[in-house]
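Notes to accompany the following structure.
The values are calculated or read from the model by the stated rules, or taken from the named source; none is laboratory data. Fair warning: this is a prediction, and the values are worked out from it, not measured in the lab. Ideal geometry is used to build each Cβ from the backbone, glycine not excepted, and the neighbour counts take in all protein chains shown. Just so you know, the surface numbers come from the protein's heavy atoms only, side chains and all, with ligands and any DNA or RNA stripped out. Shrake-Rupley method; radii C 1.70, N 1.55, O 1.52, S 1.80 Å.
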Amino acid sequence: MKNNLSNVLKKAKPYLAAILLRFLSAALVVTAKIALNHGMSPFVYSLYRFFVAAIVVAPFALHFDRKRRPQMTWPIFAKILLLGSMDSLVIPNMYFSALKYVTPTFSIAMSNVVPAFSFFFAVIFRMEKVDIRRLSSQAKILGTIVAVGGAMIMTFFGGPNLRFPWTKLEHLHNHSNSTPPSNTHQDSLKGVILTTIACICSSVSCILQAVVLKSYPVGLSLTVLVSLVGVVEGAMVALAMEWRNSCAWSLHFDFQLLVILYAGIIMSGLSYYVRGGVIKEKGPVFFTAFSPLSTVIVAIISSFALSEVFSLGKILGGVVIIIGLYLVMWGKTKDPAIDEPSNNSSQSLHVSNHQDHQQLKPTNEVSKATRDGLV
């Protein structure tokens, strides 16, 4: 009984981890949106965030990875530098800069193109097995399309508003927080473009992290190195963008400091390490397939924190997202079962060849003895 329970928990671990990371990511988007609305600089925020992550994770990396850390080579260093530039510089700066112009629900909904791009890149780099004749592959493809479609429904389909008690009283007062602060159409367009670029880079970074972990399989050390890249490169960007604004660099015991600590310790530290473990075990497509779940979570949190009103489109889109996510997970669980027969057949073939070799060996020895004149 205990063995069965432990096996179930072991199999469920990557699923639970991926779902937990979606909740943590959703909380970050909403809290960061509130802090940005109160004047926090996205560039200084990213710098402080990865500085905190490097300090917190470094002692654990030194202790646990001391004996199993592989030798650093120039190819590995180049891949880590590229991964760090994407995950700690390009993605956070673009995404949180865009968050100043769009709502949390819109930004997280746009991030649901990540599974589609990740699936595309994973197939190109042969990280994902796709056989259109197999039902599991059809489910993964269809599930990815359905999940992205559900996110698009949440983003572009409105419908009648469904007001809840906690949004009725504060909606008019906080309306500016629940809609893009687009004084001009150009600001809204800027937010959409920056969000799209960040989402495409995010899908590439998941593929790249899977590649890096194969040659540098120490998640804690990789987290520290990526954070250090964010500190060095982020400092240059922050100085270039905010060198005249001394207020952007000041820290106080307020909500902005809590957002920075949460982002550094939980997201850039713990969550990045767990993300690497999930990607290493299940692949980048499995991890990114849970991205649409964040859309539902952010919509719910935003309705409380920012009084963002639900519409019929958001409800329908959330249901569609869950259906697509289920199809992807079902397809992933069926893949190993399909591959087992081929593995067993290859093992049987190997055993058969070994037996044939043993049977031929005496014959070869007799032939050798004949040539030597011993028979």
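Values for this structure:
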item	result
Within the accessible area of region 1-153 (1.4 Å probe), percent carbon and sulfur	72 percent
Carbon/sulfur fraction of accessible area - region 208-277, other protein chains in place, 1.4 Å, %	75 percent
Accessible area per residue in Å² at 1.4 Å probe, computed on region 199-298	40 Å²
Of K33/K140; K79/K140; K33/K190; K10/K214; K11/K129; K67/K334, those spanning more than 26 Å from alpha-carbon to alpha-carbon	K33/K140; K79/K140; K67/K334
Peptides ranked, highest mean first, by Cβ atoms within 10 Å: ranges 316-326, 294-304	294-304, 316-326
Approximate spin-label separation L135-K334, in nm, with each point projected 7 Å along Cα-to-Cβ	0.5 nm
Region 243-267 residues near the modelled I55 label - backbone nitrogen below 19 Å, point 7 Å along Cα→Cβ	248-267
Net lengthening on full extension, K10/V232 (0.36 nm per residue, minus Cα-Cα)	76.1 nm
